[in-house]
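What follows is calculated from the coordinates using simple rules that are stated; it is not laboratory data. None of the values given here were measured: they were computed from a predicted structure. Neighbour counts run over all protein chains shown; Cβ positions are idealised from the backbone, glycine included.
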Amino acid sequence: MTPERFVAIFIFFLFFLGKTEGQESQEDFSKHHIGLSIGFGNQTGIKVPYVYEVILIQPQYFYTLKKRNNWSTELSAHPQFNWTRFTESEANPTLVDGIELGINFGFLMRKHFNNNKMSWYGGVGVGPHFISKAPKRQAKGFIFSDNIYTGITFNIFKDFILDFRPGFRHISNANLVLPNGGVNTFLLNIGFMKKID
């Protein structure tokens, strides 16, 4: 099964759950959520002289620091196991496969609606990663992943939450190793979370 087909099946499954179970109410609130997110990233809308596509598999954990009225501040952690496909340079359009491994830590603010049945949020994240290969503009190996994102969530039944999260990511290594031209991608993640308390 190709990664693209796996993502399509995962999205269909989540939409099916949302349609069949979306009417169940949730009045209570939980500080801890765990889940899984699958995403895709590329350079759509960015004028750059390279191709870099990534499929992201991210277990995720969210912890609510504080909730007041309908607003909350949260911390998040996202281990990542990603597949990449890219061109090494403009002169060589052949696609090369690689992998990324790492973790991102984030801070976000969330606005809750409809008795916590849906929310909108925005946040930032950063974390260490390892990339096995990269375009010639960027050294492989140790790297940092910087993210800015927004998202919307819906309760699909009592303890489960559907999560849509578009964002922007920059990876580079803070000039620890040259070249360090960086790689930029727009991301779209879809996933679920479950209350654990």
Q.
Give the lysines whose C-alpha is closer than 28 Å to that of Lys31, dropping any in the same chain fewer than 8 places away, or say none.
A. Lys19, Lys66, Lys67, Lys111, Lys117, Lys158, Lys194, Lys195
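Evaluate the charge dipole of the stretch 87-159 about its Cα centre and quote only its size in Debye, nearest 20, assuming +1 on the Cβ of each Lys and Arg and -1 on the Cβ of each Asp and Glu. Display every interim value, and only then the final one.
Numbers: 8 positive and 6 negative charges, 62 e Å.
In debye, rounded to 20, the stretch 87-159 gives about 300.
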(Q) Quick check: the distance between the Cα centres of the stretch 34-113 and the stretch 116-140, to the nearest angstrom? (A) 4
Q.
Given a Förster distance of 30 Å, report the FRET efficiency between Leu65 and Ser89 from their Cβ-Cβ distance, rounded to the nearest 0.05.
A. 0.10
Q | the stretch 3-195 - Kirkwood radius from inverse mean 1/r over Cα pairs (Å) | A | 17.5
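At a Förster distance of 45 Å, what's the computed FRET efficiency of Asn180 paired with Ser30, Cβ-Cβ distance as r, to 0.05? Mind showing how you got there, number by number?
Numbers: r = 41 Å, r/R0 = 0.91.
FRET efficiency, Asn180 to Ser30: 0.65.
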Q: Please give the helix 3-21 orientation as an angle from the longest Cα principal axis of the chain, in degrees from 0 to 90, rounded to the nearest 10.
A: 10
